[in-house]
Structures are given as structure tokens and as C-alpha cells.
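Scroll down for the structure; my scribbles are underneath it.
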Amino acid sequence: MNNPNTKKYDVAAYIWPSYTGKEPRAYQFWEKRMGEWQSVMSAQARVEGQILPRKPLWGTVDEADPKVMEFQIKEALRHGVNVFIYDWYWYDRRPFLEQCLDDGFLGAPNNKEMQFYLMWANHDAGYLWDKRQPDVDEIIWYGSQPRSEFDRVCRRVIDLYFKRPNYYKINGCPVFMIYELSNLVRGLGGVDQTKEALEAFRQMVKEAGFPDLHLQGVIYSERAVDVSMIDPAYEGSTKELVKYLGLDSVTHYQYVHFVDFGGGYANGLPKAAEEFERIHREYDVPYYPHASVGWDNNPRYQHITYPIVTDNTPEQFRKALQIAKEYADQYNDVPLITVNSWNEWTEMSYLEPDDVYGYGYLEAIRDTFGGE
């Protein structure tokens, strides 16, 4: 299909890089050495409205295989997804789950046709990924990092990723997204120390030959945070933190982080649109609008857990995309839309085709934004 729009959109889908057996540190969670496909394929419906299990039409493929990613890049571009946002991890002084990016995507012969950037998923890692004991309240690896590790992260992403010609940039500046701002501050010891560390990151990027760094934050709501990291009574809003740290833009990762979907997917969409408008009024930086396919992370559990988003059909998802498109058309010079996600099968929020809706979600992207 030819692009029905005269405007070119950057549709960026998050990638959860767990669908591989090539990460040795993941064997403690998925001992069958097929990554989180292990949890997906054992999922069962437990309440009315759930559609589980769902099976991938492309199979339980290894997304660290360059031939697999060569095919997926073609399919993404064909349906209008032209940017991948890779969830990127740093635990215990080294990266985690880099193989899907390094071996799969960057090893694919057509990778330069697709742009990509990183979201530093700097949350703590516990037993959520282990279906045998997801409720165990214990931290395995801390996502918060001290300044020495933060600097190592900065140098690594500049050298390995920012310098690639297909790394996504806004006005020539490589985009780097941070998932948990509060955890960033916690690791660095406070907001002043975090501001200093981010300024040093910018300087490293400039010394590498770029005009600047584009720092993008994930926001949830105006969830108050202890910005002092010392006095719990001293709280600040997310927008205050974004402004003080000097971030360049914000977006969302998942609808359920800020929308109540009681009654089904359609009921949540007006609430999402209202939140977009609030952010536009109250924030000093651009907001890049978001659309989530759905939410149900019961594939990670042996018991029922909530919330569960129901009725998230391709037709309803198309309405979510239209809301994001209209916001981008009205407010943004850079028409970037983030989508959750390309492959979050254990959270039931994915674009990859399945045995229930086929290519329906990808076709919704193509119909809204155009494809190759």
C-alpha cells in the first residue's frame, strides 16, 4: 500500500529483548533456554475476556538471529514501523540481554534500513520473570547505578550505538530514553548529582562529534517522588524533575502506567487523550504521543493478576493510533509516535501477528501512518 499521508511519521515500537536463549544470565528465569517464550507458551486464560494462550504466527523464533531480524525489519517497514526502541539493561556492572540488539538486529544485512534507539530500562530486576516464583519480593539486580557505573554506561552507548548511521536522532542529536527517573536519581545520590551526571553525559556526546544529546524521559503521571533522596517529606512532581534535570522530551511506555481501563480498552482512550493535553499544557518540553496495544501480564503468573485490558481489538487500537497522530499533527515538529510494543507477548501488548488477530495490529499502523 502506498502511504496515504503526505507527512512522514516516525513510528517507534519498543522491543523487549528476551526472546532468545543466547543470554546465559537469563537461564535462572527461563531454564529451557528459549527466553520468555517459555512463559508465553504456557499461558492459560483464567477469567472471562482473556484470550490466552496466543501463538505467534512467526513462531517462537530467536530474535537474536540475524536472519529472523532481517525478516522482521522487512515486515515492520512494510507496515509503517520505521524505528525500534530497544529496552537496554545494565545490571551488576555489565549489560544484560544485549544479544537481540547486537547479534540479531545489528547483524541483519538490512538493519540500516531501520532506525533504532535505546531506552535504558533501569528498573530493579526481581523474580517477576521467573514464572515459578514471580511474587517473591527480592531484588536480584539493582537498576540504580552509582556515578562510576553511569559513566561506563554513557561511554558504552556512545561508542557502540550512537555512532551508527541508523541510530535515531532528533536535530542531529542521538536520542537516549530513561525508563525510571526516580531510580536514576536514587543511584546517583540526588537530583543535583543527577543533573551534574547528565550534563557530563552531554559533554561526552559533544566530544564524540554530535551537536548534543537528546534526553528523553518516560513519565507515568504526576507521581510524587522524593527528589532530595534524603527527606521523604520533601516531594516533587514528575514535571518538576523533568525540568530540573534538563530533559529534552518525554513520552510514555505503557497506557496502564497512567490510565484506568475499567470497562475495556475503549473506555481508556479518552482518558489517554486528556492526559496528552494536560502534559502539553504543563510541561516545558515536547511530549511524543504514545499508543499501547493492550495489557495483560498473566502469562508471567500461575495465578490471576490485574489489571487486564479487554477488547483491545485491532479496530480499537486504530483509534488509539489516530489520537496519537492527531496530537503529533497539532503540536509536534518531529512527528514521533511511540508504540508498546513490537513483542511484549508476556504483557499481551505486541504488534507481531498472532493466531487471534493475524496481522491486524500491524495493518492498523499501516492504515494510519502508511507503509512501504
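The values are calculated or read from the model by the stated rules, or taken from the named source; none is laboratory data. Keep in mind that this is a model prediction, so the values were computed, not measured. All Cβ positions, even for glycine, are placed from backbone atoms using ideal geometry, and neighbour counts span all protein chains on display.
Of all residues in the stretch 170-198, count the ones that are aromatic (Phe, Trp, Tyr) and either part of a helix (DSSP H, G or I) or crowded, with 19+ Cβ neighbours inside 10 Å (or both). Final tally of qualifying residues: 1. Residue check: is residue 254 among the polar types (S, T, N, Q), closer than 24 Å to residue 116 by Cα, surrounded by 14 or more Cβ atoms within 10 Å (Cβ to Cβ) and modelled with pLDDT of 95 or more? Considered against the rule, which asks whether it is among the polar types (S, T, N, Q), closer than 24 Å to residue 116 by Cα, surrounded by 14 or more Cβ atoms within 10 Å (Cβ to Cβ) and modelled with pLDDT of 95 or more, residue 254 comes out as yes. For the stretch 113-169, give me each residue that is assigned to a strand (DSSP E or B) and hydrophobic (A, V, I, L, M, F, W, C). If the condition is that a residue be assigned to a strand (DSSP E or B) and hydrophobic (A, V, I, L, M, F, W, C), then 116, 118, 119, 120, 125, 141 are the ones that fit. Do we have any residue at all in the stretch 78-89 that's over 17 Å from residue 341 (Cβ atoms) and over 20 Å from the mean Cα position of the chain (by Cα)? Checked against the condition, which is being over 17 Å from residue 341 (Cβ atoms) and over 20 Å from the mean Cα position of the chain (by Cα), the stretch 78-89 yields at least one hit.
Here the condition is being touching a helix residue (DSSP H, G or I) at 6+ places or on another chain (Cβ under 6 Å), surrounded by 20 or more Cβ atoms within 10 Å (Cβ to Cβ) and modelled with pLDDT of 95 or more; of 337, 323, it holds for 337 alone.
Within the stretch 213-232, is even one residue touching a Gly at 6+ places or on another chain (Cβ under 8 Å) and modelled with pLDDT of 95 or more? Checking the stretch 213-232: at least one residue is touching a Gly at 6+ places or on another chain (Cβ under 8 Å) and modelled with pLDDT of 95 or more.
Here is the figure for the stretch 340-360: residues that are surrounded by 23 or more Cβ atoms within 10 Å (Cβ to Cβ) and aromatic (Phe, Trp, Tyr) total 3. Filtering the stretch 361-371 for residues that are crowded, with 22+ Cβ neighbours inside 10 Å, over 29 Å from residue 307 (Cα atoms) and at pLDDT 95 or above leaves a non-empty set. Here residue 70 meets each of (1) in a helix (DSSP H, G or I); (2) within 21 Å of residue 168 (Cβ to Cβ); (3) in contact with a Lys or Arg (Cβ under 8 Å, 6 or more places away or on another chain) with one exception, condition (3).
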